[in-house]
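**Q** Before I ask anything, here is the structure I am working with.
The values are calculated or read from the model by the stated rules, or taken from the named source; none is laboratory data. All values reported here derive from a predicted model rather than from experimental measurement. Here Cβ is always computed from backbone atoms with ideal geometry, including for glycine, and neighbour counts include all displayed protein chains. Just so you know, the surface numbers come from the protein's heavy atoms only, side chains and all, with ligands and any DNA or RNA stripped out. Shrake-Rupley method; radii C 1.70, N 1.55, O 1.52, S 1.80 Å.
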Amino acid sequence: MRSLSKLVVATAFTAVAVPTAVGCAPATQIVSQWHAPGPTPAVLDRPLVVFQTRSETLRRVVEDAMAARIPGAVPAYTLLPGDDARDVAKVKDRVRAAGFDTVIVARMLDVNRQLDVVPGPPPLVGPLWSAWDQGYLNEPILEQSTVVTLETLIYTLDPQFGGGDGELVFATESKTFDPRTVKGLATAIVRDAR
């Protein structure tokens with residue numbers, strides 16, 4: 001059993017600190033964050049993790065990575081395969097019947113590729129032979145980066161909060177810089193959900 005407030009605090013901390021500390025992980029920055037006012041559910045026993053995308057392959061990889069990093073979590077594709085995940089009536093029935101108390105939903109809001117120009121050092125002025133190679137060394141460097149904007153939402157199904165109808169208790173928007181793999185992207189999402 002884990003406290004939702006601990007989960008929210010860990011989300012904010014890990015989304016910024018962990019990727020910075022681990023050199024191979026993509027850098028992630030929290031853009032905005034919200035949590036429900038007042039008391040929040042005290043326990044997360046059985047969370048369902050959902051990654052909303054049209055790609056079934058991407059969905060499975062990300063949901064598996066999320067479930068592997070969140071204790072007790074179940075990937076939604078095991079409960080709602082394929083197009084079943086888009087049928088709201090089926091989703092409600094199956095989620096309630098399976099006894100989930102929390103649903104963590106993540107989705108990509110934007111993928112932006114940008115090209116940055118890093119200027120070279122200033123040219124040296126002097127005799128021909130001492131400045132000869134500076135023309136080769138002063139060339140600007142082009143760097144391409146990818147920025148993925150993610151939204152992570154945590155809903156409670158606890159009847160004490162909103163009647164058990166899926167009350168939003170936490171939301172965050174983050175930017176992940178240069179995820180090298182789908183698993184790298186999944187890792188960034190999980191940091192948001194912690």
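**Q** Filter region 9-39 down to the residues that are modelled with pLDDT of 65 or more and among the hydrophobic types (A, V, I, L, M, F, W, C), then identify the one that is least open to solvent (accessible area, probe 1.4 Å).
**A** Filtering first and then ranking leaves 36.
**Q** Tally up the residues in region 48-66 that are at pLDDT 90 or above and among the small types (Gly, Ala, Ser), please.
**A** The number of residues fulfilling the criteria is 1.
**Q** Let me ask something else. Does residue 166 qualify as being at pLDDT below 90, in contact with a Leu (Cβ under 7 Å, 6 or more places away or on another chain) and small (Gly, Ala, Ser)? Let's see the steps before the verdict.
**A** Numbers: at pLDDT below 90: yes; in contact with a Leu (Cβ under 7 Å, 6 or more places away or on another chain): yes; small (Gly, Ala, Ser): yes.
Answer is yes for this residue.
**Q** When region 74-90 is examined, which residues are found to be among the acidic types (Asp, Glu) and open to solvent by 70 Å² or more (accessible area, probe 1.4 Å)?
**A** First, the residues of region 74-90 that are among the acidic types (Asp, Glu): 83-84, 87.
Correct list: 83 only.
**Q** Now a separate question. Taking region 59-73 as the search range and keeping residues that are in contact with a helix residue (DSSP H, G or I) (Cβ under 7 Å, 6 or more places away or on another chain) and open to solvent by 30 Å² or more (accessible area, probe 1.4 Å), which one is nearest to residue 156 (Cα to Cα)?
**A** If we filter region 59-73 for residues that are in contact with a helix residue (DSSP H, G or I) (Cβ under 7 Å, 6 or more places away or on another chain), which is where we start, we get 59-63, 65-66, 69-70, 73.
This time we only want the ones that are open to solvent by 30 Å² or more (accessible area, probe 1.4 Å), so: 60-61, 69.
Numbers: 60: 23, 61: 24, 69: 19 Å.
Looking at residues that are in contact with a helix residue (DSSP H, G or I) (Cβ under 7 Å, 6 or more places away or on another chain) and open to solvent by 30 Å² or more (accessible area, probe 1.4 Å), I get 69.
**Q** (1) in a helix (DSSP H, G or I); (2) among the charged types (D, E, K, R); (3) at pLDDT 90 or above: which one isn't true of residue 83, the others all being true?
**A** (3)
**Q** What number of residues in region 34-73 are farther than 20 Å from residue 170 by Cα and of a type outside the set (A, V, I, L, M)?
**A** 8
**Q** Looking only at region 141-179, which residues are open to solvent by 60 Å² or more (accessible area, probe 1.4 Å), of a type in the set (S, T, N, Q) and part of a strand (DSSP E or B)?
**A** 144
**Q** Pairs, please: C-beta under 7 Å, at least 6 apart or cross-chain, first residue hydroxyl-bearing (Ser, Thr, Tyr) and in region 64-79, second assigned to a helix (DSSP H, G or I)?
**A** Within 7 Å, the pairs are 77/59; 77/60; 77/63.
**Q** Also, I was wondering about something else. Does residue 182 count as at pLDDT below 70, surrounded by fewer than 19 Cβ atoms within 10 Å (Cβ to Cβ) and either under 30 Å from residue 37 (Cα atoms) or of a type in the set (Val, Ile, Thr) (or both)?
**A** Numbers: at pLDDT below 70: yes; surrounded by fewer than 19 Cβ atoms within 10 Å (Cβ to Cβ): yes; either under 30 Å from residue 37 (Cα atoms) or of a type in the set (Val, Ile, Thr) (or both): yes.
When the stated conditions are applied, residue 182 passes them.
**Q** Do you know which residues across region 40-54 are open to solvent by 50 Å² or more (accessible area, probe 1.4 Å) and farther than 19 Å from residue 156 by Cβ?
**A** 54
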